[in-house]
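What follows is a short report on a single structure.
The values are calculated or read from the model by the stated rules, or taken from the named source; none is laboratory data. In this text the structure is predicted, and so the values were computed from the model without any measurement. Glycine gets a Cβ as well: all are built from the backbone with ideal geometry, and neighbour counts include every protein chain shown. For accessibility, only protein heavy atoms count, side chains too; no ligands or nucleic acids. Shrake-Rupley method; radii C 1.70, N 1.55, O 1.52, S 1.80 Å.
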Amino acid sequence: MENEAADQNQPSSEMESLSVESQAEAGSSSSCPTATQMTSEERFRIVRSVGEECIQEDELLNLLTKKPQPICYDGFEPSGRMHIAQGVMKTISVNKMTSAGCKVKIWIADWFAQLNNKMDGDLKKIQTVGRYLIEIWKAVGMDLADNKVEFLWSSEEINSRAHEYWPLVMDIARRNKLPRIIRCSQIMGRSEQDELSAAQILYPCMQCADIFFLKADICQLGMDQRKVNVLAREYCDAIKRKNKPIILSHHMLPGLQQGQEKMSKSDPSSSVFMEDTEAEVNLKIKKAYCPPKIVEGNPCLEYIKYIILPWFNEFKVERSADNGGEKTFKSFDELVVDYESGDLHPADLKPALSKSLNKILQPVRDHFNKDANAKDLLKRVKGYRVTR
């Protein structure tokens, strides 16, 4: 953090709640109806499509019927380079939520990353990573216009409203036994068998408090964050609060290698990163696990289902006439039929997947090549050692 006075204490002004227009508006179209023109059922279908699981669907429909602009919360630890699930899947989800009238608060959990020993607990490095992540979302096409999305830094918000925050944390901690909190350790990428630091016991209590502190109606995080979101609903029962936060948990993309349940920032071969070069993307997909005729546990097919089809509304395969000719798939079910039968071979699927991914990522590469601030942030982040 060379000679930056702003890094000495709190995040600089550029780290504050950013709501700037994105450089590419993914999935936006002037012909699409606005949220005010949609029925509650239409808004429900859009919002519900974001999650693999929803607790509870009737509560979500009721919320969307009664509240024009529900508050949706997501949070992330700035802990290293951004992989494609955090970059593209998150952008798809946020754009869906805002198109249905939600206000999305993205909680940049810099203090949480420090508690969880990310970047060796160096807050300055953590905040640099946070700024880098925001640059990626701006570049890839997250719709940040009209203050629909707000980036909030946990260190700033908690310090400015400490009198609200810490009593909440204390009350949640007081009402829960230690084993219940330890069961939430998955949210930090830990297991219940790990030897946790005292900071990592505090972490789930704080993350639970975040939901109420941010006045969230919907918790839109990954399936790996489910346990702490359920803890928040249990807390509502304990304090006899009627309106519980709705849990909308998104799918977790697997790693690219066989048997990798999730991506790993410490293993570059396990995922595509948002600023990977075209050649790096091509090589990673070429080496990815993609057994012929097998759909289950096939990461290449998961990329198509959760990234390519939602982004382009189609998946185009270019191949010679001898190999079946060009074909455009409009749905995942249609793709599965061809793949399971052997009509679509990995040797044709992989180049098509690489081409689609590179098309999505090119605006991000351009931004980090042309924008001096973004280029500097990436250089610094790439130089940091990822710690667990």
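Where does each of 307-320, 232-245 land if you order them by average Cβ count within 10 Å, highest first? Intermediate values should be presented prior to the final figure.
On the way: 307-320: 17.1, 232-245: 14.3.
Ranked by mean Cβ neighbours within 10 Å, highest first: 307-320, 232-245.
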So for each of 157-163, 299-305 I average, over its residues, the number of other beta carbons within 10 Å; can you give me the resulting order with the highest mean first? 299-305, 157-163
Angle between the chain longest axis and helix 278-287 axis [Cα atoms, degrees, rounded to 10]: 80
In region 154-292, carbon and sulfur make up what percent of the accessible area (probe 1.4 Å)? 53
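In whole Å, what three semi-axes, largest first, describe the equivalent ellipsoid of region 263-388 built from its Cα gyration tensor (square root of 5 times each eigenvalue)? All intermediate terms of the calculation are to be shown ahead of the outcome.
Working: eigenvalues 184, 54, 28 Å².
Equivalent ellipsoid of region 263-388: 30, 16, 12 Å, largest first.
Could you sort the peptides 53-66, 142-155 by per-residue average Cβ neighbour count (10 Å cutoff), highest mean leading? Write down the numbers at each step before the final one.
On the way: 53-66: 16.1, 142-155: 19.8.
Peptide ranking by packing, descending: 142-155, 53-66.
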Relative contact order (percent) for region 40-249, with alpha-carbon contacts under 8 angstrom and 6 or more residues of separation? 27
When the C-alpha atoms of region 40-249 are aligned to their principal axes, what extent does each axis show, in angstrom, from largest down? 46, 42, 33
Whole-Hz couplings from phi, Karplus 6.51/-1.76/1.60, listed for region 53-59; x for Gly and Pro: 9, 9, 10, 10, 5, 5, 5
Once you list every other residue whose beta carbon is under 12 Å from the beta carbon of residue 64, what net charge do they have if Lys and Arg are +1 and Asp and Glu are -1? -1
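Suppose every Lys and Arg Cβ carries +1 and every Asp and Glu Cβ carries -1, with no other charges. What dipole size does the chain come out with about its Cα centre, to the nearest 20 debye? It would help to have the intermediate numbers written out before the result.
Values: 53 positive and 56 negative charges, 146 e Å.
It comes to approximately 700 debye.
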Taking +1 at the Cβ of each Lys and Arg and -1 at the Cβ of each Asp and Glu, which of 264, 362, 223 sits farthest along the dipole of the chain towards its positive end, judged by Cα position relative to the Cα centre? 223
Under a Cβ-only charge scheme (Lys and Arg +1, Asp and Glu -1), can you give me the dipole magnitude of region 278-383 about the Cα centre, in debye to the nearest 20? 700
State the volume of the convex hull built on the alpha-carbon positions of the chain, expressed per residue in Å³ and rounded to an integer. 146
Suppose all protein chains stay in the model; what accessible area per residue would a 1.4 Å probe give for the chain, in Å²? 45
Can you find, among 112, 303, 141, the residue sitting farthest towards the positive end of the charge dipole of the chain, where Lys and Arg contribute +1 and Asp and Glu -1 at Cβ? 112
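Give, rounded to the nearest 20 debye, the magnitude of the charge dipole that region 206-344 has about its Cα centre when Lys and Arg contribute +1 at Cβ and Asp and Glu contribute -1 at Cβ.
Numbers: 19 positive and 22 negative charges, 179 e Å.
That gives a dipole near 860 debye.
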